[in-house]
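Structure, as structure tokens:
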Amino acid sequence: MLGRQVGTKNPGGVQRMGEKGKGRYLHDGESMQRLWDEIGERTGTRWKVKAELSHGVDVLEGGEEVERSMIRYVVKKLWGGQGVEHST
């Protein structure tokens, strides 16, 4: 699977402006790998994430300046023996 989304060098949850109780989690490569490790534990599968953050931009959100980046990622399912990868 491949994709892109808003990310950050400092992963964590952020609240959407003007929407109490609604938030999102902004990832970096390591936090995205942890997410897929958890998915793997729950499903009995193994996954490898390759991710790259683009140059960050400071934006004003909720009166606070925060850093945002674009994260591009590829998630591959690992099959069979250790180190053997096949894309699905």
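The values are calculated or read from the model by the stated rules, or taken from the named source; none is laboratory data. Worth saying up front: this structure is predicted, and the values here are computed from it rather than measured.
Before moving on, here are some points about what is shown:
- Enumeration of residues in region 21-34 that are farther than 15 Å from Gly3 by Cα and assigned to a helix (DSSP H, G or I): Glu30, Ser31, Arg34
- Within region 55-78, being among the aliphatic types (A, V, I, L, M) and modelled with pLDDT of 65 or more holds for Val57, Val59, Val66, Met70, Ile71, Val74, Val75, Leu78.
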